[in-house]
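Notes follow once the structure below has been shown.
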Amino acid sequence: MKTHPRSILLGAQAGAFSLPVCDHYSGVETRMKKSLQLQADLTAEFGTCVFDVTLDCEDGAPVGGEAEHAALVTSLALGAAPEARVAVRVHPVDHLAFQADVATIAGQAASKLVHLMVPKVESVADVQTAVAALDACGAIALPLHVLIESPAAVHRAFDIAAHPRVQSLSFGLMDFVSSHGGAIPADGMGVAGQFSHPLVLRAKVEIASACHAHGKVPSHNVVTEFKDLAALQTAAHKAARELGYTRMWSIHPDQIRPIIAAFAPSEREVDTAAALIECAMAADWAPVQFEGRLHDRASYRYFWQVLERAHQTGLLLPESMQGHFAESVALRH
């Protein structure tokens, strides 16, 4: 039996994790239930899970009602379908509810979760605190996603991304801007300003670079203008094509499809990638000439990842490549 292309091509220089390109957040009970149903519906439509559902405790829990909200989130996670991809955002590690969040949610539902999101991570010490809390309740294999939301956290992003339990870094735009005490104007939180203000743009690039340096997944911040889908599409395209992000947050169901579309390769890219990988396999991965250019394993790696992204975004793959992807899903997990 021939070795799978992923095993040949995706070594230390490729990402260690492959995640759906959209991470959808909801924290109100009715919306959380609708999000889980929408995930099931789109999984059936696309033939693969195209977005994660993250149930939110940080902004979803009413003040004074943190324990009840944690119990609700736990119940929803436990009741999710076996094939669902469900995560939870807990409170920050210095919040009074953090330890109870982790003990309730991860202590009871770790087997149903794909990751735990920890907001306002400032340092590796915060990651270690979160890992200790997870390990104490038996969730020793549950990956962490972390939110980078301050200038100091951006400075430490490479060290945070290096931690073995961290799977993904997300950029917290609103808190990052507000942490500058008015030095970044309010339009730095908007669709246009967040891609033009130097400090915001630098933070985004640093986070993406930190993730790629350690094989982790960079996740782009939310766009709050949720009714302006054209602006969202532009932001998602810039994040994917210019800043190196491979995942993005959604806060409204209408944002999910535009994000998936923006992060998906074009039909032409998919066809080119499939044809080149087919040639490479026929040559047992030796260098080949293709469309007037010389290619070897360095470029094969890139074009294989185009095919993986196509699969993650529910695109129909050329028939010659379809057989590889039942295997590749198993290898990723």
- What are the pairs, 6+ residues apart or on separate chains, where a residue within segment 71-100 that is under 24 Å from F51 (Cα atoms) has its Cβ under 8 Å from a residue that is open to solvent by 10 Å² or more (accessible area, probe 1.4 Å) and among the aromatic types (F, W, Y)? R89/Y25
- Task: Report, ordered by the first and then the second residue, all pairs with beta carbons closer than 9 Å, sequence separation of six or more or different chains, a first member in segment 162-184 that is more than 15 Å from A152 (Cα to Cα), and a second member that is assigned to a loop (DSSP other than H, G, I, E, B) and basic (K, R).
- Result: A162/K216; V166/K216; Q167/K216; S168/K216
- Message: Cβ-Cβ distance below 9 Å, separation of 6 or more or different chains: which pairs start in segment 198-218 with a residue that is over 11 Å from I184 (Cβ atoms) and modelled with pLDDT of 95 or more and end on one that is in a strand (DSSP E or B) and of a type in the set (D, E, K, R)?
- Response: V217/R247; P218/R247
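Could you list, in sequence order, the residues of segment 185-197 that are in a helix (DSSP H, G or I) and in contact (Cβ under 8 Å) with a residue 40 or more places away in the chain?
Residues satisfying the conditions are Q194, F195.
Pick out, from segment 216-307, the helices (runs of 4 or more DSSP H) lying fully within it that include 2 or more residues that are within 20 Å of the chain's Cα centre (by Cα) and buried (at least 16 other Cβ atoms within 10 Å of the Cβ).
Once the helices (runs of 4 or more DSSP H) in segment 216-307 are filtered for at least 2 residues that are within 20 Å of the chain's Cα centre (by Cα) and buried (at least 16 other Cβ atoms within 10 Å of the Cβ), what remains is 229-241, 253-263.
The values are calculated or read from the model by the stated rules, or taken from the named source; none is laboratory data. Keep in mind that this is a model prediction, so the values were computed, not measured. Glycine also receives a Cβ, built like all others from the backbone with ideal geometry; neighbour counts cover every protein chain displayed. The area values use the complete protein model at the heavy-atom level, side chains included, leaving out ligands, DNA and RNA. Shrake-Rupley method; radii C 1.70, N 1.55, O 1.52, S 1.80 Å.
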